1. What does the charge count around Arg55 come to, taking other residues whose C-beta lies under 11 Å from its C-beta (Lys +1, Arg +1, Asp -1, Glu -1)?
2. Please list, ordered by chain and number, the residues whose modelled amide H lies under 5 Å from the amide H of Ile148; skip anything fewer than 5 residues away on the same chain.
3. For Ile111, what accessible surface area do you get with a 1.4 Å probe? Give it in Å², rounded to 10.
4. List the residues, sorted by chain then number, that are 5 or more residues from Asn133 or on another chain and whose placed amide H is less than 5 Å from its amide H.
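The values are calculated or read from the model by the stated rules, or taken from the named source; none is laboratory data. Please read all numbers here as calculations on a predicted model, not as lab measurements. Positions of Cβ are backbone-derived with ideal geometry, glycine not excepted, and every protein chain shown enters the neighbour counts. Side chains included, ligands, DNA and RNA excluded: accessible areas come from the protein's heavy atoms. Shrake-Rupley method; radii C 1.70, N 1.55, O 1.52, S 1.80 Å.
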Amino acid sequence: SNFLSGVGGANTPLFRAGPQNSSKQQIANTTYTKVAFSDEVYDPSGVYDATTNYRFTPATAGYYFLTAMVMYEDTRSQTQSYVDIYKNGSSIASFRGNHTDNDAVGPISVIDLADDNDYYEVYVRQNSGHQINLTDGEQRMYFMGFKIIT
């Protein structure tokens, strides 16, 4: 027979978070700022904190795929923008680019080995010479991840 057992599994925990559509986060010039992804699109295991720390804490050790993208409103020509994924307070992946009007920064992705109590956050930085707002809408801004089946 062609029956195969013991294959598959669940890519959990998993989550997807986006910005609140009612408010746009302000990002100061030349300052790394944590992005407040405060709208949980899905989080069936309750591993993403969308109210206080805006971070993902896996609660299960393993390899995780994480990805993020942000978008600024009305960036000036050749604004240098960064988006970083942080683990336990330090950058583990960084994307940098020169952007203009309403450009996306990223997406950035990383695969990382996590303990159950590690945590991940997204930080941004821009050098437009003034404060810029992040845009809204989960199609343009997101932070998400899932455990890789190993």
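1. Numbers: positive: Lys34, Lys87; negative: Asp49, Asp118, Glu121.
Taking every Cβ under 11 Å from that of Arg55, the sum is -1.
2. Counting only residues 5 or more places away or on other chains, the set is Tyr63, Tyr64, Phe65.
3. Counting only protein heavy atoms, the figure is 100 Å².
4. Under 5 Å from the amide H of Asn133: Ile27, Glu73.
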